[in-house]
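Just passing along the structure, written as structure tokens.
Bear in mind these aren't lab numbers, they're just calculated from the coordinates by the rules spelled out. Computed from a predicted model, the values in this text were never measured in an experiment. When we count neighbours, we look across all protein chains shown, and the Cβ atoms used for this are built from the backbone with ideal geometry, even at glycine.
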Amino acid sequence: MENISLKIQAYLDKEFNDDEVKIQDDGSGPYISFWSDSLAKSKPTDDQLNALSSEATKIKDDKLVIINRIKEYGSEAEQLEYIVENGVSAFIDKQNAVKIKYPK
């Protein structure tokens, strides 16, 4: 179901919530069971969603990059402690190294 969610996110060009779109799987594969009239776009066809596979993969990969960066950056308290102990320049260098390690 994650794949269809990511395709819908790519189609809408934004994240959505359960009030806007509901996805269901009755055993024959996931499908859109509800599409809100409040959305700016009409409900996509299966062909439209299937055409968004590469965009869905990019969204998934970008989310993984963000998760990895957050782990490396540490908590806000850890970041502040690093700045106090090492200075702002060292902190910026560390952040840039993380961005290079996990590029978008």
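What full-extension length gain, to one decimal in nm, is calculated for PHE16 and TYR73 as 0.36 nm per residue of separation minus the Cα-Cα distance?
Stretched out fully, the PHE16 to TYR73 stretch lengthens by 17.8 nm.
Which ³J(HN,Hα) values, rounded to whole Hz and listed in residue order, are derived for region 94-101 from phi using the Karplus coefficients 6.51, -1.76 and 1.60 in 6.51 cos²θ - 1.76 cosθ + 1.60 with θ = phi - 60°, glycine and proline given as x?
Each residue's phi maps through the Karplus curve to give 5, 4, 5, 5, 5, 4, 5, 5 Hz.
Give the residue list of trypsin sites (Lys or Arg not before Pro) in region 19-82 that are DSSP loop and have at most 16 other beta-carbon atoms within 10 angstrom. Kindly include the intermediate steps, with their values, before the conclusion.
Numbers: sites: LYS22, LYS41, LYS58, LYS60, LYS63, ARG69, LYS71; in loops: LYS41.
Sparse-neighbourhood loop trypsin sites (Lys or Arg not before Pro): LYS41.
Once Lys and Arg get +1 and Asp and Glu get -1 on their Cβ, which of LEU49, SER28, SER5 lies farthest toward the positive end of the dipole of region 2-55?
Comparing the listed Cα positions along the dipole, LEU49 ranks first.
Work out the FRET efficiency for GLN24 and SER54 from their Cβ-Cβ distance, taking R0 = 22 Å, and round it to the nearest 0.05. Spell out each step's value before the answer.
Numbers: r = 25 Å, r/R0 = 1.13.
Result of the calculation: an efficiency of 0.30.
Next question. What are the ³J(HN,Hα) couplings of region 18-26, residue after residue, when phi is run through the Karplus curve with 6.51, -1.76, 1.60 and θ = phi - 60°? Round to Hz, x for glycine and proline.
Values per residue, Gly and Pro as x: 5, 6, 9, 9, 10, 10, 10, 9, 9 Hz.
Between VAL84 and SER36, how many nm apart are label points set 7 Å from Cα along the C-beta direction?
My value for the distance between the label points is 4.3 nm.
Let me ask you something else. Rounding to the nearest 20 debye, state how big the charge dipole of the chain is about its Cα centre with +1 on each Lys and Arg Cβ and -1 on each Asp and Glu Cβ. List each step's numbers first, then the result.
Values: 14 positive and 20 negative charges, 83 e Å.
In debye, rounded to 20, the chain gives about 400.
Please find, in a Gaussian network model of the chain (springs between Cα atoms separated by less than 10 Å), the residue of ASN50, ASN17, ASN68 whose mean-square fluctuation is greatest.
Maximum fluctuation in the GNM of the chain, among the listed residues, is at ASN17.
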